[in-house]
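What follows is one structure encoded as structure tokens, with my remarks underneath.
The values are calculated or read from the model by the stated rules, or taken from the named source; none is laboratory data. Treat the numbers as computed from the prediction; the structure is a model and nothing was measured. Note: ideal-geometry Cβ built from the backbone for every residue, glycine included; neighbour counts use all protein chains shown.
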Amino acid sequence: MLTRFSRTRRTAFVALLLAFTPFAAHADALDTIAKSGTLRVAVPEDYPPFGSVGADMKPQGYDVDMAALLAKSMNVRLELVPVNSANRIPYLTTNKVDLVISSLGKTPERAKVLDFSTAYAPYFQGVFGPADLKVSGPADLTGKTVGATRGALEEIALSQMAPNATIKRFEDNNATISAFLSGQVQLIAAGNIVAAAILAKNPPRRPEAKFIIKDSPCYVGMNKNEPRLMAKVDDAIAQAKKDGTLDTMSKKWFGQPLPASL
């Protein structure tokens, strides 16, 4: 039979053991956010149209709007934390933020240290051109001129996909954009953020997406093993897709409808 002293020692030992187990020490992130009343989100400030500083010195962009949408869905205050591509994941893993919404793509390496929501933003390389030019795939590029930046992913891929297209290569994105705007080329192969930059200039030759070369959408990043937070974020994204909020955001910041594949 255990004495009172031995029972006390055993109880203390079990309590100490539990205190140092990862499961017991782990605090549920969604509860922590609710308790603090604040959602801390890492967002870019130098990568328009995902995130930048506006003329009023306030953050703006697709990712900023997405952060506000999630904070509203959780009924908490939003705290934006500016980050860059190098520190955005460390800010999450060291608990400086609750979520990363910073044009974050999914890779096997990143999946080792964080979890991803469902996709919330389009990010792709594609072929763009004016509305009156009928192109829906690589085969339609035969006999047409396409501008591309030398060495870029889309330039390399398009060379293989459309061997009969006339691809005019330029040394940087600005030169490629200028070639499209001046009519040197009929179409442009670029990322959707480059197309958005062209649309921001409001030129007569307004590019629309013709087809996607490579799709690499953006995801909300969060610390691993947070199923309740994951479910909350995914539910909010699903609702925003269903009610058209994400489509409105895509048109606002990228100048294009939300891709049906997202």
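Among residues of the range 84-108 being more than 16 Å from CYS218 (Cα to Cα), out of contact with any Lys or Arg (no Cβ under 8 Å at 6 or more places or on another chain) and aliphatic (A, V, I, L, M), the one that is surrounded by the fewest Cβ atoms within 10 Å (Cβ to Cβ) is ALA86. Being under 30 Å from GLY183 (Cα atoms) and either within 14 Å of the chain's Cα centre (by Cα) or buried (at least 17 other Cβ atoms within 10 Å of the Cβ) (or both) is a property that PHE116 lacks. Consider the range 202-236. How many of its residues are charged (D, E, K, R) and within 24 Å of VAL146 (Cβ to Cβ)? Summing the residues that are charged (D, E, K, R) and within 24 Å of VAL146 (Cβ to Cβ) in the range 202-236 gives 6. Each residue in the range 41-61 was checked for being over 14 Å from SER103 (Cα atoms) and among the acidic types (Asp, Glu), and 1 of them qualify. Selection of first residues in the range 245-257 that are over 12 Å from MET66 (Cβ atoms) and of second residues that are in a helix (DSSP H, G or I) and among the acidic types (Asp, Glu), restricted to Cβ pairs under 7 Å at least 6 apart or on distinct chains, gives the following pairs, ordered by first then second residue: PRO257/ASP247. Scanning the range 65-83 for residues that are in a helix (DSSP H, G or I) and touching a residue at least 24 places away in the same chain (Cβ under 8 Å) yields a total of 8.
Would you confirm whether any residue within the range 153-163 is surrounded by 21 or more Cβ atoms within 10 Å (Cβ to Cβ) and within 23 Å of the chain's Cα centre (by Cα)?
Looking only at the range 153-163, we keep the residues that are surrounded by 21 or more Cβ atoms within 10 Å (Cβ to Cβ), and these are 154-155, 158, 162.
If we keep only those that are within 23 Å of the chain's Cα centre (by Cα) as well, we get 154-155.
Yes, that holds for at least one residue.
Could you tell me which residue of the range 176-191 is nearest to ASN202 (Cα to Cα), considering only residues that are at pLDDT below 95 and under 26 Å from the mean Cα position of the chain (by Cα)? Selected residue: ILE177. Residues that are closer than 22 Å to GLY183 by Cβ, loosely packed, with under 13 Cβ neighbours inside 10 Å and among the β-branched types (Val, Ile, Thr): does the range 133-146 have at least one? Within the range 133-146 (the criterion being closer than 22 Å to GLY183 by Cβ, loosely packed, with under 13 Cβ neighbours inside 10 Å and among the β-branched types (Val, Ile, Thr)), the answer is yes, since at least one residue qualifies.
Residue-by-condition table, conditions (1) in a loop (DSSP other than H, G, I, E, B); (2) without any contact (Cβ under 8 Å) to a residue 12 or more places away in the chain:
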| residue | (1), (2) |
| --- | --- |
| ILE89 | no, no |
| SER103 | no, no |
| GLN125 | no, no |
| GLY143 | yes, no |
| ILE156 | no, yes |
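Those strands (runs of 3 or more DSSP E) of the range 167-262 in which at least 1 residues are closer than 21 Å to SER52 by Cα and assigned by TED's automatic domain parsing to the domain that holds LEU114, considering only elements entirely within it, cover 218-222.
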